[in-house]
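Notes for the one structure printed next.
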Amino acid sequence: MSIKFKPPIGKFSRINGKCISLVGDDIDTDRIIPARFLKCIDFDSLGKSVFDDDRKTLKGNHPFDLEINKGSSILIVNSNFGCGSSREHAPQALMRWGIKAIIGESFADIFYSNCIAIGIPCFTLPKESIKKIQQYLDIKNLFLEIDLFKSTAKTEDLKFNLEIKETSKKMFLSGEWDATSTLLENVSLIEKKINELPYVNFNKDCL
């Protein structure tokens with residue numbers, strides 16, 4: 001059910017998407033992407049293997065297998081999501097399935113940091129609000145518009161004030177989360193600094 005992967009690039013302030021709900025506390029990284037998939041040499045194939053063991057157990061009834069959830073990009077979760085090991089493969093697998101943002105009660109710290117590093121904002125809401133969204137999704141599809149400037153998520157029927165660390169918010173709005181783009185935008189400064197370093201020898205005869 002994975003969709004074509006398009007990595008986020010640079011700064012952004014809005015995320016629009018269809019929601020998918022995953023009910024349960026303490027969903028760890030080994031459930032998100034089982035350890036046997038960590039031997040991959042890149043992350044490109046991880047999308048199809050996200051929640052592999054859980055999906056096999058539920059035989060097509062896992063939220064990530066249901067046709068109604070096809071094309072979803074905003075994941076709704078409960079408390080302590082992403083606990084367990086620090087594997088960066090977990091958010092990479094979610095992103096390659098199609099997830100662009102996660103809204104939950106709380107997140108494991110390392111998982112949260114790994115998400116921010118690849119451009120997946122993680123927002124928190126009180127337990128009652130998460131339950132309301134999950135109950136709504138039991139009835140019909142929910143499309144949310146997330147505004148990072150205002151830290152809000154809204155649809156025609158619902159509006160929520162999201163919580164996100166101010167440092168993370170600034171990184172997305174400025175694009176500083178994207179280390180690769182930041183480096184490419186500052187090539188001239190990098191080259192200037194390299195040329196100033198006394199121990200760097202650019203004598204081609206020595207290469």
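The figures follow:
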quantity	calculated
Packing-based exposure ordering (other Cβ within 10 Å, fewest first) of Val187, Val77	Val187, Val77
Span from the the range 48-111 Cα centroid across to the the range 18-32 one, whole angstrom	5 Å
From phi via Karplus (6.51, -1.76, 1.60), per-residue ³J(HN,Hα) for the range 36-53 in Hz, x at Gly/Pro	5, 8, 6, 7, 5, 8, 8, 9, 4, 8, 6, x, 6, 9, 4, 6, 4, 5
Computed E for Thr167/Leu66 - FRET, C-beta separation, R0 25 angstrom, nearest 0.05	0.10
Sorted by Cβ neighbour density within 10 Å, fewest at the top, the residues Phe143, Phe12	Phe143, Phe12
Per-residue Cβ neighbour rank within 10 angstrom, fewest leading, His89, His62	His62, His89
Computed helical MRE - 222 nm, the chain, DSSP H runs ≥ 4 contributing -39500 (n - 2.57), nearest 500	-9000 deg cm²/dmol
Cβ crowding within 10 Å averaged over residues, with 20-33, 125-138, 41-54 ranked highest first	20-33, 41-54, 125-138
Of (1) -0.46, -0.83, -0.92, -1.23; (2) -0.33, -0.70, -0.80, -1.28; (3) -0.39, -0.73, -0.82, -1.29, the label for log10 I(q)/I(0) by the Debye sum over Cα atoms at q = 0.09, 0.13, 0.14, 0.18 Å⁻¹ derived from the coordinates	(3)
Positive minus negative residues near Gly84 (Lys, Arg vs Asp, Glu; Cβ under 9 Å)	-1
Out-of-range pairs (alpha-carbon distance over 24 Å; input Lys11/Lys165; Lys6/Lys48; Lys59/Lys140; Lys100/Lys132; Lys6/Lys140)	Lys6/Lys140
Candidates Lys150, Lys192, Lys159: whichever shows maximal mean-square fluctuation once the chain is modelled as a Gaussian network with Cα springs under 10 Å	Lys192
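Here, each number is a calculation from the coordinates, and none is a lab measurement. Quick caveat, the model's predicted, so the values are computed rather than measured. All Cβ positions, glycine included, derive from the backbone under ideal geometry; neighbour counts span all protein chains shown.
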